[in-house]
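The values are calculated or read from the model by the stated rules, or taken from the named source; none is laboratory data. Note that the coordinates shown come from a computational prediction; the quantities given were computed from them, not determined experimentally. Every residue, glycine as well, gets a Cβ built from its backbone with ideal geometry; the counts of neighbours run over all protein chains shown. Accessible surface areas use protein heavy atoms only, side chains included; no ligands, DNA or RNA. Shrake-Rupley method; radii C 1.70, N 1.55, O 1.52, S 1.80 Å.
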Amino acid sequence: SAVISQKPSRDICQRGTSLTIQCQVDSQVTMMFWYRQQPGQSLTLIATANQGSEATYESGFVIDKFPISRPNLTFSTLTVSNMSPEDSSIYLCSVGRLAGTSTDTQYFGPGTRLTVL
Amino acid sequence: EDKVVQSPLSLVVHEGDTVTLNCSYEVTNFRSLLWYKQEKKAPTFLFMLTSSGIEKKSGRLSSILDKKELFSILNITATQTGDSAIYLCAVVRGTDKLIFGTGTRLQVFP
């Protein structure tokens, strides 16, 4: 599996501000995804980060709120914009289609715990 | 609407017990089913199942898929306190999209 890092690991932010979360992989991957896990809930896919083009968002998530960049095959960022307390969650990036692994398996980064006051 | 349902939601056992976690699904364009263990923030991969009736094993953990009845089970034998975690089931649909179940919180007491 790939080594995936996320920064920051946690943050406490004020309402109305924005936070950018970084996801770095130690090898090139075809697929990168961003998930949200609200307190006591399971994981929900926010979007697929596409290299060189706009991200593909799931129903209920919009680019203005969660802009995503993916400048190359090893790096992506997710920004949580104009935050409110309802954005308090764990944000996770995942990667798939690693060379030498099964196509469908996704591996997760360590996550970013965001608290919005 | 696609859905993945896990049961039980929560389970409390003593060390040495055997547990069975269930995952049922109704998903269009099913490709495979994945099991993860989540202890803190990051889910760690356990198994991927694509074919019915073929058991996957890793130490005390095993899992099997029934594509006719649309469910999977995860068995943990001789549980240890280190098995305490949330176990997540996810179905891969279409173009790599994962749909997660609600999770089962397992607590193992000495």
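Under a Cβ-only charge scheme (Lys and Arg +1, Asp and Glu -1), can you give me the dipole magnitude of the protein assembly as shown about the Cα centre, in debye to the nearest 20? Write down the numbers at each step before the final one.
Values: 21 positive and 19 negative charges, 58 e Å.
The dipole of the protein assembly as shown has a size of about 280 debye.
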Integer Hz, Karplus 6.51/-1.76/1.60 couplings in order for the stretch A:41-48, x for Gly and Pro: 10, 8, 7, 10, 6, 8, 6, 9
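Can you compute the FRET efficiency between residue A:3 and residue B:84 using 1/(1 + (r/R0)^6), with r the Cβ-Cβ distance and R0 = 30 Å? Round to the nearest 0.05. Display every interim value, and only then the final one.
Details: r = 25 Å, r/R0 = 0.85.
Computed FRET efficiency for residue A:3 and residue B:84 comes out at 0.75.
Please compute how much accessible surface disappears when A pairs with B, both sides summed, using a 1.4 Å probe, and round it to the nearest 100 Å². All intermediate terms of the calculation are to be shown ahead of the outcome.
Details: alone 6190 and 6190 Å², together 10710 Å².
Counting both chains, the buried surface is close to 1700 Å².
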Which of the lysines could be linked to residue B:3 by a straight reach, that is with a Cα gap under 20 Å, when you skip same-chain ones fewer than 8 residues away? B:37, B:67, B:68, B:97
Over the stretch B:10-107: Rg over Rh, Cα atoms, Kirkwood Rh: 0.96
Strictly under 4.7 angstrom between C-beta atoms: which cysteines of the protein assembly as shown have no such partner? A:13
Check residue B:103: other-chain or 5+ apart residues with amide H under 5 Å from its amide H, H built from backbone geometry? B:6, B:89
What fraction of the Cα pairs in the stretch A:4-116, stated in percent, has a spacing above 20 angstrom? 35 percent
Distance (nanometres) between label positions extended 7 Å along Cα→Cβ at residue A:27 and residue A:50: 2.6 nm
For residue B:66 paired with residue A:97, estimate the spin-label separation in nm (one decimal), with each label point 7 Å from Cα along the Cα-to-Cβ line. 3.5 nm
Net charge, residue B:19 excluded, C-beta distance under 11 Å - Lys, Arg +1, Asp, Glu -1: -1
Provide a whole-number value for the mean count of partner chain Cβ atoms within 10 Å of the Cβ atoms in peptide A:40-52. 3
How much net charge surrounds residue A:116 when only other residues with a Cβ under 15 Å from its Cβ are counted (Lys, Arg +1; Asp, Glu -1)? +2
Between residue B:18 and residue B:75, how many nm apart are label points set 7 Å from Cα along the C-beta direction? 0.5 nm
With the charge dipole of the protein assembly as shown built from beta-carbon charges (+1 for Lys and Arg, -1 for Asp and Glu) about the Cα centre, the Cα from B:16, A:25, B:29 projecting farthest to the positive end belongs to A:25
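Placing +1 at every Lys and Arg Cβ and -1 at every Asp and Glu Cβ, with all other atoms neutral, what dipole size does the stretch B:3-109 have around its Cα centre, in debye to the nearest 20? Before the final figure, lay out each step's value.
On the way: 13 positive and 9 negative charges, 74 e Å.
Dipole size: approximately 360 debye.
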Candidates B:42, B:90, B:78; GNM for chain B (alpha-carbon contacts under 10 Å) flags as most fluctuating B:42
